[in-house]
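The values are calculated or read from the model by the stated rules, or taken from the named source; none is laboratory data. All figures in this text were calculated on a predicted structure; none of them were measured in a lab. Note: ideal-geometry Cβ built from the backbone for every residue, glycine included; neighbour counts use all protein chains shown.
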Amino acid sequence: MQELALPKVSVWKETLDWLLEDEPSVQYFTLTGLMGHSENGRSVRESRGRVGSEGWAATILAKQKDGIYWENPESCYVPKWSSCAWQLAVLADLGAAGTDERIKNSVEHYFQAHNVDTGGFSNRPRGSEGIKPHVCSTGNMVRSLAKFGYGGDERVVKAMDWLVSEQLVDGGWNCFTEDGAKHGSFQATIEPLWALAAMLQIHPIVKRWEDAAVKGSEFLLRHRIYKSKRNDSPVLLEFLTIHYPMHYRYDFLHGLRVLSELGTKYDPRMSDAVNLLLQKRFPDGKWALEGVYRGWRQSVGIHGGKAVSRPEEREAFTEGWGDGHTLQLEEAGKPSKWITLQALLTLKRLGILERLS
């Protein structure tokens, strides 16, 4: 297997100018993450201050109902991807402020509906039969809540500890251990790792979390980010396509991003994934949004009101815009500011981005 020598990638002024054009979330993370500007700088404060009142985050918040929830007042989990939990996950990623009353109200609504007293968060609201914590939901929400400033909240810390207790011997996680699953899956592993990346920024010396992050990172590296250990082929072809939002899904860029947010530097076992990322870069230095996951076509699960899944939630379209149930920031199949930003930030954290030129 041929290894890719450590590459060095430049980002051009034209690309930076494009990223800095209009969307406040992209401006903020470009200034701070790519260009290294201080949080106290005027342009940084201005862009951060506009998140929530302009652009993508404002569009999401404008759809909130009664200043509390989206789509379903009973459950924050369904329908996918138009209910509360999925909106909060994207808002956290966009840098929306947890001090915003609309977000605070929604977070408290989520806690009341889905917190499990013994640790973790459930797919089903309190009062439902068989309420229990769920790995992917807990990972997504711990990460989001930490970004909103709730990383010290007892419920979030307890949820993080529950996730660590669910880690498997191979370093991964799986949502179906009660059904006999003994090996980690990419899709179940990435959410706890993303949660750990956020929580370890707030609690940097919690050894049990550090150990879990190392073991989980090694799980992804051992699989070369997206491959089967048995035959070196992609576990799923969708792992080769760049998506956003990720919801509970997985792709190679998401894996690289989360590893880099955990502080992992370039490792030869990333070479296939990094090479794939560079191959997808357009000559003008941009990347495309290659896929967007479709939302539910109906407001209830395929097996009735108590179900939490429908088959179309796994479908991704590669061009254009979805319907009103699709959570989507940019047009699929076109150059994407968010994907370009995340690709460059990931390369920078991995130590591959050479300079701004």
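Can we say Ile225 is on the phi > 0 side of the Ramachandran plot, touching a residue at least 24 places away in the same chain (Cβ under 8 Å) and under 17 Å from the mean Cα position of the chain (by Cα)? It is true that Ile225 is on the phi > 0 side of the Ramachandran plot, touching a residue at least 24 places away in the same chain (Cβ under 8 Å) and under 17 Å from the mean Cα position of the chain (by Cα). For region 1-21, name all the residues that are at pLDDT 95 or above and either in a loop (DSSP other than H, G, I, E, B) or in contact with an Asp or Glu (Cβ under 6 Å, 6 or more places away or on another chain) (or both). Hits for region 1-21 are Leu20, Glu21. Screening Trp296 against (1) in contact with a Leu (Cβ under 9 Å, 6 or more places away or on another chain); (2) of a type in the set (Phe, Trp, Tyr); (3) at pLDDT below 95 leaves a single unmet condition, (1). Pairs meeting the criteria (first residue in region 117-135 and outside any loop (DSSP other than H, G, I, E, B), second residue surrounded by fewer than 22 Cβ atoms within 10 Å (Cβ to Cβ) and of a type in the set (Asp, Glu), beta carbons under 9 Å, at least 6 apart or on different chains) are Pro133/Glu166; Val135/Glu166.
Which residue, of Asp161, Asp170, Asp153, is without any contact (Cβ under 8 Å) to a residue 40 or more places away in the chain and of a type outside the set (Phe, Trp, Tyr)? Step through it out loud before you land on a result.
Working: Asp161 fails: without any contact (Cβ under 8 Å) to a residue 40 or more places away in the chain; Asp170 fails: without any contact (Cβ under 8 Å) to a residue 40 or more places away in the chain.
Step by step, each of Asp161, Asp170, Asp153 is checked, and only Asp153 is without any contact (Cβ under 8 Å) to a residue 40 or more places away in the chain and of a type outside the set (Phe, Trp, Tyr).
On the basis of being hydrophobic (A, V, I, L, M, F, W, C) and surrounded by fewer than 21 Cβ atoms within 10 Å (Cβ to Cβ), does Ile225 make the cut? Answer is no for this residue.
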